[in-house]
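Here the structure is laid out as C-alpha cells; the discussion comes afterwards.
The values are calculated or read from the model by the stated rules, or taken from the named source; none is laboratory data. Remember, predicted model here, so these are calculated numbers, not experimental data. Here the Cβ positions follow ideal geometry from the backbone for every residue, glycine too, while neighbour counts run over all protein chains shown.
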Amino acid sequence: MRLSYILPRFVFLALVWAFFFFAFDPVLKWGLRKSMEKAAGARVEIAGLKTSFLHPSFRMTGVSVGSAEEEYKNAVEFSELSFRIAGAPLLEKKFIVDEALLAGLKFGTPRSRSARLPLAPKEEPSKFAAELKTEALNFTADRLGDAKADASADYKIEPASLASVKVYEELQAKYEEQYAALSQKADFAEYRTRLDDLKARWAEAEKESDILKKAKKLAPLQKDVKKLTEDFKNDRKMIEDASAALTEGLKAADEARRKDIESAMARMKMPSLDTQSLARMLVGPAIASKTQSALKWLAVVRRHMPENSQKKVLKAEAERGRVVSFPKENAYPSFLIRKMAVSGEFGLDAPLDFSGSIEGITTQPQIYGKPLTASIKGAKAGRALDFRAVLDNTGTVMKGDLNLKYSGMPMTGMALGNPASIGASVAGGAGRFDGTLSMTGENLKGDALFRIEGAKVTPQADNIKFAPLKTAVTNSMSGLSSVSMGVKIGGTIGEPSLTLTTDLAEKLAGAFRGAFGSELAKARAQAQEQVDAAIKPYKSKLDSLVGSRRKELQDKLDASQKSVSGGGDALLESMKEKAAPAGLPIPGAGKVKLPKLKF
C-alpha cells in the first residue's frame, strides 16, 4: 500500500486523537462553566475536569457557583461530581449512568472573589420581595408617634387614588373580554354542525335495504353519536369551570381594599391593627430574600426540566412526515442517571453532615417512566435534617412535592421589622423548620412554619415618639423566649403570593390598642367607611356585570344542552327503536347469525 494513501489518514487520526487527548476536556470545561453561569446569573469556577473514552467516565472537581444576590457568597459548591457511562447504550448515542457521586455539597459559603459577572446587570428583587420590603419601610416611626387625638377628623379619600378602584376597572375589562370568548364557545355551533351531519348519515342509513350493509353503517354512527355527547359534556364542564374561575379575581379586589384602608390609616398617622400587615412588616424582609432565592432556583429547575417528549415528537413529525417507531424490549432515554449518591454539609457555623441519593435524573422521563426522587438525611448532636422530593414529569403536566424538616438549628441572630419604626432582634436559641411545597405545572401551593425556642427577644422601639406607645411596644416583646413565623405560598412560580403570620403581630396589635384606646377603632371605622363608599359604584357595576353575564352564559349552555345533548340522545333512541325490531344488529345488542346450509 502506498505511503501517499496511508500518511494522510494517519495524520487525520493523529489529529483526532490529539484533540480528544489535549483539547476536549478544556473545551468541555469552558462550555459547562458558561452554561452554569448563564443558569445561575453569577460567576462559576471549576477546578478540574477529566474525561475518559477507553472506559467512558466523567469527573469534575472543585466547583463553586456564585450567588447573584450576594456578591461574595456561593449559592452552592461541591468538591466532586463523577460517574461512569454504560458502554452498550453509547452505540445508540444514549448516555446511561447507573451510579454517580456528588460529594462535598455546601450552600451559602463565603468566597474571596466577586461572583458578579462582567457587564452583567445587577439582579433586581422580584415583585413580591420588593413589595414586602416596601411595606416594612413605609411603616415609619412618624406614623406611630405624631398626632393622636382626632387625627382622622378632616381626612378625605379620593377614589382615583385607591388601588382597589383600579383593580375593579381592570376586572371589568377582563370579564368583558373573557366572557365574550366563553359566550361564543357556549353557542356550540360546531356541535350542532356535527349533530346535523349525524342526522344526515342516519337518514341515509335508513334508506339502505340490505341488513348487513345497514349494520355496517350504523356501527360507526352509534360510536360517533356517543362521542358527540361525551365531548359536549366535557366542554360544558370546561366552560363552567372557567366561568367560576373568573370570580377568583375578586380576591385581588378584596386585598386591594385592605391595603387602601391601611394606607388611609397611615395618612391619618394611625398604626394598623391588622395582624397580616403587622406580620408582613415584622417578618417580610427576613423571609423575602430567602423565599426569592428558593423560588429562583425552583424556576431554574423548572426551566431546565424536559418538556413532554410526546409533544416534541408530534411537532417534529408534523414538519417532516410521520415516523413509525417499533418498540424495543429495552428502550433508553437519551440521558439517564439512575442513582446519584449525595453527601455534604448544611450550615456554616456548626455544619451538619448529610447524605442521601437522587434517582431518575433524565432528559426523557416519559421514556424512563419513573419520577425523579430525592431523599437526604442528616443527624448530629440534637439536630436533624430530613429532605424528600418527588418531581413527576412522566405525564402531560409536571407535578412535584417537596418536604423539608430541620430541627435543632443553632441561631446566631435575626433582625425583624424596621429599625426606623418597630423592630426586634432575636439572638440565641434553636430553630425548627417544617415546610411542604407542591407544584402542578406553574402553580404553587405550600405551607411552612419556622419556630425559635430558647432565644432572647430584644424590642427596638427607640424611634417611636409617642411615649405610651413606645412603652407598650417594649413591654409587649420584652421577656419573650420564643418566636414563630408562618408562610403560606400560592400563585405561580413567576408570580407567587405569600401570606405571612407571626405571634409577634398579635402582641403588637395589643400594644397599639392599649396605647391608643378607642382612637384606633374610630380611625379605622372612618377609613373603612370612606374606602367602601368610594369603591361602591365600581363594585356594584362589576357585580351586576358578573351576575348578568353568568346568567346569559348559563342560558346558552342550557339551550345547547337541549339541542345537542338532547338531540344526540334522541338520535340514539331512534336508532334503537327503528333498527332493533327488524332484527338489525346494533353494537352491543348481539351478533349476526347466518343460516346453516346443507349439502
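For GLU262, indicate whether it is modelled with pLDDT under 70 and among the charged types (D, E, K, R).
Here the answer is no, as GLU262 does not meet what is asked.
Of all residues in the range 269-288 being modelled with pLDDT of 75 or more and closer than 21 Å to ALA515 by Cα, which is surrounded by the fewest Cβ atoms within 10 Å (Cβ to Cβ)?
Looking at residues that are modelled with pLDDT of 75 or more and closer than 21 Å to ALA515 by Cα, I get GLN276.
Can you tell me which residue within the range 510-519, out of those that are crowded, with 21+ Cβ neighbours inside 10 Å and not aromatic (Phe, Trp, Tyr), is modelled with the highest pLDDT?
That would be ALA511.
Inside the range 345-433, counting only strands (runs of 3 or more DSSP E) that do not spill past its ends, which hold 1 or more residues that are charged (D, E, K, R)?
So the answer is 352-362, 372-380, 383-392, 399-410.
Scan GLY417, GLY431, GLY378, GLY408 and give me the residue that is at positive phi, in contact with a Phe, Trp or Tyr (Cβ under 9 Å, 6 or more places away or on another chain) and surrounded by 15 or more Cβ atoms within 10 Å (Cβ to Cβ).
Result of the check over GLY417, GLY431, GLY378, GLY408: GLY417.
Looking only at residues in the range 60-91 that are within 22 Å of MET340 (Cβ to Cβ) and either touching a residue at least 60 places away in the same chain (Cβ under 8 Å) or aromatic (Phe, Trp, Tyr) (or both), which one is surrounded by the most Cβ atoms within 10 Å (Cβ to Cβ)?
Step by step, filter the range 60-91, then rank; the result is ALA75.
I'd like to check something: does the range 434-455 contain any residue that is surrounded by 20 or more Cβ atoms within 10 Å (Cβ to Cβ) and either charged (D, E, K, R) or in contact with a Lys or Arg (Cβ under 6 Å, 6 or more places away or on another chain) (or both)?
Checking the range 434-455: not a single residue is surrounded by 20 or more Cβ atoms within 10 Å (Cβ to Cβ) and either charged (D, E, K, R) or in contact with a Lys or Arg (Cβ under 6 Å, 6 or more places away or on another chain) (or both).
Matching residues to (1) farther than 28 Å from VAL165 by Cβ; (2) buried (at least 20 other Cβ atoms within 10 Å of the Cβ):
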{"position": "ILE493", "(1), (2)": "yes, no"}
{"position": "LEU508", "(1), (2)": "yes, yes"}
{"position": "GLU529", "(1), (2)": "no, no"}
{"position": "TYR538", "(1), (2)": "no, yes"}
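Somewhere in the range 468-475, is a residue at pLDDT 80 or above, farther than 23 Å from GLY429 by Cβ and among the basic types (Lys, Arg)?
yes
Please work out if ALA461 is free of Cβ contacts under 8 Å to residues at least 60 places away in the same chain and touching a strand residue (DSSP E or B) at 6+ places or on another chain (Cβ under 9 Å).
Spelling it out, ALA461 is indeed free of Cβ contacts under 8 Å to residues at least 60 places away in the same chain and touching a strand residue (DSSP E or B) at 6+ places or on another chain (Cβ under 9 Å).
Pick from SER52, SER35: which is surrounded by 10 or more Cβ atoms within 10 Å (Cβ to Cβ), modelled with pLDDT of 65 or more and over 30 Å from SER112 (Cα atoms)?
SER52
Condition first: touching a helix residue (DSSP H, G or I) at 6+ places or on another chain (Cβ under 6 Å) and either at pLDDT 75 or above or of a type in the set (A, V, I, L, M, F, W, C) (or both). Now tell me which residues in the range 176-191 satisfy that.
Those that are touching a helix residue (DSSP H, G or I) at 6+ places or on another chain (Cβ under 6 Å) and either at pLDDT 75 or above or of a type in the set (A, V, I, L, M, F, W, C) (or both): LEU182, ALA186, PHE188.
Which of the residues belonging to the range 325-371 are at pLDDT 80 or above and charged (D, E, K, R)?
ARG338, LYS339, GLU345, ASP353, GLU359, LYS370, listed by residue number.
Could you tell me which numbered condition ALA559 fails, if it satisfies all but one of (1) closer than 30 Å to ASP274 by Cβ; (2) among the aliphatic types (A, V, I, L, M); (3) surrounded by 13 or more Cβ atoms within 10 Å (Cβ to Cβ)?
With respect to (1) closer than 30 Å to ASP274 by Cβ; (2) among the aliphatic types (A, V, I, L, M); (3) surrounded by 13 or more Cβ atoms within 10 Å (Cβ to Cβ), ALA559 is out only on (1).
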